[in-house]
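The values are calculated or read from the model by the stated rules, or taken from the named source; none is laboratory data. What you are looking at is a predicted structure, and each value in this text was computed from that prediction instead of being measured. Cβ sites come from the backbone with ideal geometry, for glycine too, and all protein chains shown count toward neighbours. These accessible areas exclude ligands, DNA and RNA; they are computed on the full protein's heavy atoms, side chains included. Shrake-Rupley method; radii C 1.70, N 1.55, O 1.52, S 1.80 Å.
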Amino acid sequence: EDVNHQYSKSITFEADFREYLKDCLSCPVEYFSLLRPFAEIRIAKNFARHPQYFPVFLSCNLGSKTDSWCGHCPKCLFVALMLSAHLGDDEIKAIFGCDILGDESLAPVLESLVGLVPEKPFECVGSRSEVRASILEAIQKRETLPYLLEYYKNKVGLTDEGDYFSF
């Protein structure tokens, strides 16, 4: 049987779980995800409006063992890039505990997230077009660019390649 580690995030899982609740537990609970209809870029925009949660949210698989962001994996960089369209560099540094957008060693990870190399990270990250759109928005909002945004600007330019996401 095909196994998809993202199954629990799918509409199929929601339907299967609702059926299970109904058939096996006689439970009158309706299970659904409020976030499913939204792209990652929209979720990041909405999340950025709630700074009270910045110190307590975590999405890093490597850092989950220590309840922290590792600051070096594709997931950390993806989340930082999504938030960079809506938050300043100091806020990003405070969330990740490091200057993740200024980390030159993450250039290859950035290239994989935006599609400059064929392999996409195995980590659960959003689409390449979302990452590119978020980076473009982040660049437009800053006078001084951290290393990775400057790297992208010099390597790719300031085109959205036809991708469009509404912030």
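Taking 114, 29, 125 as the candidate residues, the one with maximal mean-square fluctuation in a Gaussian network model of the chain, Cα springs under 10 Å, is 29.
Ranking of 148, 25 by solvent-accessible surface, largest first: 25, 148 (1.4 Å probe, protein heavy atoms only, all chains present).
In region 89-133, Rg over Rh equals 1.00, where Rg is the alpha-carbon radius of gyration and Rh the Kirkwood radius from pairwise Cα distances.
Pick out, in residue order, every one of the trypsin sites (Lys or Arg not before Pro) in region 82-142 that is DSSP loop and has at most 15 other C-beta atoms within 10 Å; say none if there are none. For trypsin sites (Lys or Arg not before Pro) across region 82-142 that sit outside H, G, I, E and B with at most 15 neighbouring Cβ atoms in 10 Å, the list reads 141, 142.
Highest GNM mean-square fluctuation among 48, 133, 94, for the chain modelled with Cα contacts below 10 Å: 94.
Among the lysines of the chain, pairs that are 8 or more positions apart or on different chains and have alpha carbons within less than 23 Å of each other number 22. Size estimate for region 15-167 follows the Kirkwood approach: the inverse of mean 1/r over distinct Cα pairs works out to 16.7 Å. Mean residue ellipticity at 222 nm, helices only, the chain: -12500 deg cm²/dmol; runs of at least 4 DSSP H residues each add -39,500 (n - 2.57), and the sum is divided by the number of residues. Based on the convex hull around the alpha carbon atoms, region 1-85 presents an average projected area of 8.0 nm². Residues in the chain average 59 Å² of solvent-accessible surface per residue, probe 1.4 Å, ligands and nucleic acids excluded. Relative contact order for region 76-167: 34 percent, from Cα pairs under 8 Å spaced at least 6 residues apart, divided by residue count.
Using θ = phi - 60° in the Karplus curve 6.51 cos²θ - 1.76 cosθ + 1.60, the 3J(HN,Hα) couplings for region 130-138 round to 5, 4, 4, 5, 5, 4, 4, 5, 5 Hz; x is entered for Gly and Pro. Along region 33-45 the Karplus relation, 6.51 cos²θ - 1.76 cosθ + 1.60 evaluated at θ = phi - 60°, assigns HN-Hα couplings of 9, 5, 8, 3, x, 9, 6, 4, 5, 6, 4, 4, 4 Hz to successive residues, with x for each Gly and Pro. Does anyone have the angle between helix 11-24 and the longest principal axis of the chain? Alpha-carbon axes, 0 to 90°, nearest 10? Tilt of helix 11-24: around 30 degrees. Comparing mean-square fluctuations of 61, 46, 154 from a GNM of the chain with C-alpha springs under 10 Å, the top value falls on 154.
With a Förster radius of 22 Å applied to the beta-carbon distance between residue 127 and residue 99, the computed FRET efficiency rounds to 0.30. Across the accessible surface of the chain, with the other protein chains kept in place and a 1.4 Å probe, carbon and sulfur atoms take up 54 percent.
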